[in-house]
1. Of everything in the range 52-63, what is open to solvent by 40 Å² or more (accessible area, probe 1.4 Å) and either part of a helix (DSSP H, G or I) or among the basic types (Lys, Arg) (or both)? Give them in sequence order.
2. If you check Cys43, Cys15, which single one turns out to be in contact with a His (Cβ under 7 Å, 6 or more places away or on another chain), under 25 Å from Ala117 (Cα atoms) and modelled with pLDDT of 95 or more?
3. Sort out which residues of the range 30-45 are within 22 Å of Leu72 (Cα to Cα) and surrounded by fewer than 19 Cβ atoms within 10 Å (Cβ to Cβ), and write them in order of number.
4. Modelled with pLDDT of 90 or more and open to solvent by less than 20 Å² (accessible area, probe 1.4 Å): which single residue out of Ala77, Ala25, Ala49 fits that description?
5. Which numbered condition trips up Thr67, out of (1) touching a Phe, Trp or Tyr at 6+ places or on another chain (Cβ under 8 Å); (2) surrounded by 12 or more Cβ atoms within 10 Å (Cβ to Cβ)?
6. Of (1) open to solvent by 50 Å² or more (accessible area, probe 1.4 Å); (2) part of a loop (DSSP other than H, G, I, E, B); (3) modelled with pLDDT of 90 or more; (4) not β-branched (Val, Ile, Thr), Leu2 satisfies all except one. Which?
7. Name, by its number, the condition in (1) in a loop (DSSP other than H, G, I, E, B); (2) of a type in the set (A, V, I, L, M); (3) buried (at least 18 other Cβ atoms within 10 Å of the Cβ) that does not hold for Ala126.
8. Residue check: is Ala91 at pLDDT 95 or above and aliphatic (A, V, I, L, M)?
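The values are calculated or read from the model by the stated rules, or taken from the named source; none is laboratory data. Model, not experiment: these values are computed from the prediction. All Cβ positions, glycine included, derive from the backbone under ideal geometry; neighbour counts span all protein chains shown. Protein only, heavy atoms only, side chains kept; ligands, DNA and RNA dropped before computing areas. Shrake-Rupley method; radii C 1.70, N 1.55, O 1.52, S 1.80 Å.
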Amino acid sequence: VLSRSEYRPKLGAVCVHCFTDTGAALEDYLALDCHIGITGWVCDSRRGAALRALIPQLPISALMVETDAPYLFPHNAPKALTQGGRRNEPATLPHVVEALAALYDCSAEQLAAVTTATACRFFNLAP
């Protein structure tokens with residue numbers, strides 16, 4: 001079995017897509033310097049309650065906001081936002097950002113700026 005210091009450099013940039021796992025899993029991923037993708041699941045106060053409780057443990061610098069389109073339509077988004085009513089698409093990202101900003105106790109604009117900068121670094125894009 002390889003140690004973290006032996007295999008982590010071989011992984012490159014990692015984003016855990018559509019994270020909905022446990023606190024222990026979150027700790028393990030963060031220990032590997034992974035980014036964590038959060039979707040509209042966090043907007044569901046019932047099904048996403050466990051995830052919502054973990055958000056304070058997730059450093060905002062490791063946060064990636066994603067849609068998981070066409071699934072996981074954010075519950076705080078109006079159904080009329082998309083053509084299909086509940087089909088998820090990039091137009092719903094601001095609703096995921098709003099839910100996350102409330103959990104981080106910051107403005108949606110602040111959270112969007114931080115996560116945009118993170119995505120630019122992760123994907124080697126110009127800001």
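1. Arg52, Ala53, Pro56, Gln57, Ile60, Ser61
2. The unique qualifying residue is Cys15.
3. Selection gives Gly37, Asp44, Ser45.
4. The match here is Ala25.
5. Thr67 satisfies all of (1) touching a Phe, Trp or Tyr at 6+ places or on another chain (Cβ under 8 Å); (2) surrounded by 12 or more Cβ atoms within 10 Å (Cβ to Cβ) except (1).
6. (3)
7. It is condition (3) that Ala126 fails.
8. Judged against the criteria, Ala91 is not a match.
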